[in-house]
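**Q** Below you'll find the structure I mean.
Every read-out reported here was derived from the displayed coordinates using simple, explicitly stated rules and does not represent laboratory data. Just so it is clear, the structure is predicted and the values come from calculations on it, not from any experiment. Heads up, the Cβs are rebuilt from the backbone with ideal geometry, glycines too, and the neighbour counts pull from every protein chain shown.
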There are 2 protein chains.
Amino acid sequence: MNRPLSTRVVTFARRPNGMPDASCFSLESRPLPALGEGQVLVENHYLSLDPYIRMRMEAKDSYAPVMAIGETMVGRTVGQVVETRDAAVPVGSWVVGRLGWQDYSVGTKADVQFIHPDRAPISAYLGSLGSTGITAWIGLVHIAGVKQGESVLVSAASGAVGSVVGQLAKARGCRVVGIAGGARKCAVVRERFGFDDCVDYKAPDFTERLAEAAGSGFDVYFDNVGGPIFDATLPLMRLFGRIPLCGLVSQYNAAEPYGVRNLREVFNKRLTLRGFVLSDHRDVWDSATRELEQAYAEGRLVYEETVTDGLDNAAQAFISMLQGGNIGKQLVRIKAA
Amino acid sequence: MNRPLSTRVVTFARRPNGMPDASCFSLESRPLPALGEGQVLVENHYLSLDPYIRMRMEAKDSYAPVMAIGETMVGRTVGQVVETRDAAVPVGSWVVGRLGWQDYSVGTKADVQFIHPDRAPISAYLGSLGSTGITAWIGLVHIAGVKQGESVLVSAASGAVGSVVGQLAKARGCRVVGIAGGARKCAVVRERFGFDDCVDYKAPDFTERLAEAAGSGFDVYFDNVGGPIFDATLPLMRLFGRIPLCGLVSQYNAAEPYGVRNLREVFNKRLTLRGFVLSDHRDVWDSATRELEQAYAEGRLVYEETVTDGLDNAAQAFISMLQGGNIGKQLVRIKAA
């Protein structure tokens, strides 16, 4: 191929106050200088859009440092090495890494992990076989210590993480209830992902329906959303229940944080709440990936993707994802098919 | 002694709405029938008044069943066996147990534990060497897993549990900060209990002072209170901090529960919150008691008591304790000295 001399880049243009809009992003062109020793050039095929990116747009550090204005938007991509100055990463290698919202990225071996395009579609390594699948595994298995036959509740159940949580729990003989927004998503959660039940948080009788679905209560609540849904689940937990906190998507855009009123249940029921992020648990990534690849090979791990075409549509796709417009993993196809 | 034919009893007369008042309690006289096989009669010397009793007055079960109207008020006492129909519990034995607000109690061996009046004053076995000391040990050592040299924050620091938490943490080489209400209590926490610092939550600059006292943050927050103080501490926790929830005294009388707004910190800092009660952890009671008796013998465990005289003043003492009128363990001396 002809070596590209420049790349399109989406940069962080303005800090949002609440929900981001198009003016928070800028599409620019930047030169691609010659590679230094040990560097590789990756042509990005897919970009993953995830809620944590919204937190990096805050003015204040949360669990990760914030982005500076003018910086390339952070995000994981899957792509192919097209030029290399590291013999350990040959041209043609397929990799994933946090390579940013751009057509081409310069990185080193430390920035990427190799993937196996013969085992699954490359985009799956941004989702169910990649960071979101591993996140689901860590929360359910490592943090919550789910046991055979327990009752498990998952919010954002049609999302990239939630849908994997439910399938992993079902494979362990658990009863699994999801929470999702709207009848269409709930149908997907039940029919495609095989949850036992799914409750629509946008329905007026949400609280009553959730209490019905809870039966005698939940042993594990895998929380992806925080806020009022988190609050509503606390009274439905069983004694000694565990609540891994994987994110607070309902709160990322809230100007005023929601006040959680049912925390006394944590004491009454002797619950354990624990926040976690993927990067703290590298020691279990291999175990997680092996179980996920195995489940995929056996047809026990299905996933949905919402694919938006074109880097120039990435900002809009990100906003739509934050508003719940996606089912499953929200991706941007960067390289035209 | 002449066998008593009746006992005074404080019963639960009316369910409170918010802070209890005198009309919630009734002082009555009840006959003491002859003992059945296996029963013992205990003459109570001291009664322990604790915040959990307030929760048993609710209309709805919390972590323990509620009391029925007309029932004897629940509470732990220390006393002496004055009549027995169980050879394993001879007359003259000193015991503690949940024997209720009354002059004399009928129970069995299963209801009491023996104590050692030669090792410490009998009232200490209701406090620092009894259930409150063991509660402190369980939260700090067993639930939070405190480590040498960590930074520890304790609310209700002048209270029966909080004061022991601080002393156990100091003995482990931790830096210990307390939170208490008023300059007088804070002085006791620093000077008598040896905390490194104590912040007055009633002071107008509480939040600023707490942030100063936090330095680079807390590894453990032993929470006895919940509500706004709990909320204020969340942003001051260090990465991977642990928060044992021992009670929510600020919320027991709240008609409307406080909404906790800083829960996103649990995710951001990957904190662990865990509710616990004494009775779930009987397996570690002996370890806890040994360490507490040892610390007392070495003069490294001091405690304060607020003693109210007379069973007829128990209700008022209980209300005063709920309003923070006590320093250290709130006791009622039932048997006149």
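**Q** If each label sits 7 angstrom from Cα along the C-beta direction, how far apart, in nm, is residue B:211 from its counterparts in the other copies?
**A** 4.1
**Q** Moving on. Below 9 angstrom from the Cβ of residue A:74, what's the summed charge of the other residues (Lys, Arg +1; Asp, Glu -1)?
**A** Value of the local net charge: +2.
**Q** Loop only per DSSP, at most 13 neighbouring Cβ atoms within 10 Å: give me the trypsin sites (Lys or Arg not before Pro) in the range B:1-77, ordered by residue number.
**A** Passing both the DSSP loop test and the Cβ count: B:60.
**Q** Evaluate the charge dipole of the range B:131-280 about its Cα centre and quote only its size in Debye, nearest 20, assuming +1 on the Cβ of each Lys and Arg and -1 on the Cβ of each Asp and Glu.
**A** Computed about the Cα centre, the dipole is about 280 debye.
**Q** For chain B, with only Lys/Arg (+1) and Asp/Glu (-1) charged at the beta-carbon, what is the dipole magnitude about the Cα centre, in debye rounded to 20?
**A** About 380 debye.
**Q** Going toward the positive end of the dipole of the range A:131-279, with +1 on Lys and Arg Cβ and -1 on Asp and Glu Cβ, which of A:148, A:259, A:214 do you reach last?
**A** Ranked along the dipole, the leading option is A:148.
**Q** Still on this model: Across all directions of projection, what mean area in square nanometres is found for the Cα convex hull of the range A:131-279?
**A** Projected over every direction and averaged, the Cα hull of the range A:131-279 covers 8.3 nm².
**Q** Using a 10 Å cut-off around each Cβ of peptide A:274-281, what is the average number of partner chain Cβ atoms that fall inside?
**A** Per-residue shielding by partner chains comes out at 4.
**Q** Any idea what the residue A:182 label distances to the other copies are, label 7 Å down the Cα→Cβ vector, nm, shortest first?
**A** For residue A:182, the inter-copy label distances come out at 5.8 nm.
**Q** How big is the range B:152-224 by Rg and Dmax over its Cα atoms, in Å?
**A** Here Rg and the maximum Cα pair distance are 10.7, 32 Å.
**Q** When each copy gets a label point 7 Å from Cα toward the beta-carbon at residue A:4, what are the spacings between them in nm, shortest first?
**A** Sorted ascending, the copy-to-copy spacings read 8.8 nm.
**Q** Cysteines without a disulfide-compatible partner in chain A, using Cβ under 4.7 Å as the rule?
**A** A:24, A:174, A:246
**Q** Within the range B:147-305, how many Lys pairs that are eight or more residues apart, or on different chains, come under 24 Å at the alpha-carbon?
**A** 4
**Q** Next question, about the same structure. What is the distance, in nm, between label points placed 7 Å from the Cα along the Cα-to-Cβ direction at residue B:286 and at residue A:15?
**A** Label-label distance for residue B:286 and residue A:15, simple model: 5.8 nm.
**Q** Work out the FRET efficiency for residue B:302 and residue B:142 from their Cβ-Cβ distance, taking R0 = 22 Å, and round it to the nearest 0.05.
**A** The computed FRET efficiency comes out at 0.45.
**Q** Still on this structure, I have one more. Return the chain A residue and its Cβ-to-axis distance, rounded to the nearest Å, for the rotation relating A to B.
**A** In chain A, the Cβ lying nearest the symmetry axis toward B is A:259, 1.
**Q** Compute, for the protein assembly as shown, the length of the dipole vector about the Cα centre, with Cβ point charges of +1 (Lys, Arg) and -1 (Asp, Glu) only. Units Debye, rounded to 20.
**A** 60 debye
**Q** Placing one identical point scatterer on every Cα of chain B and ignoring solvent, what is log10 I(q)/I(0) from the Debye formula at q = 0.08 Å⁻¹?
**A** Results for chain B at q = 0.08 Å⁻¹ read -0.38.
**Q** Based on alpha-carbon centroids, what's the gap between the range B:259-337 and the range A:262-337 in Å, whole number please?
**A** Taking the Cα centre of each part, the range B:259-337 and the range A:262-337 sit 43 Å apart.
**Q** Quick check on chain B: helices-only [θ] at 222 nm, where DSSP H runs of length 4 and up contribute -39,500 (n - 2.57) each and the sum goes over total residues. Nearest 500, please.
**A** My calculation for chain B gives -6500 deg cm²/dmol from helical runs alone.
**Q** Kirkwood hydrodynamic radius of the protein assembly as shown from all distinct Cα pairs, in Å?
**A** 27.8 Å
**Q** Residues with amide H under 5 Å of residue B:159's amide H, sequence separation 5 or more or different chain, H placed in the peptide plane at 1.01 Å from N; which?
**A** B:328
**Q** By how many degrees, between 0 and 90 and to the nearest 10, does the Cα long axis of helix B:285-297 differ from the longest principal axis of chain B?
**A** Taking Cα atoms only, the helix is inclined about 80 degrees.
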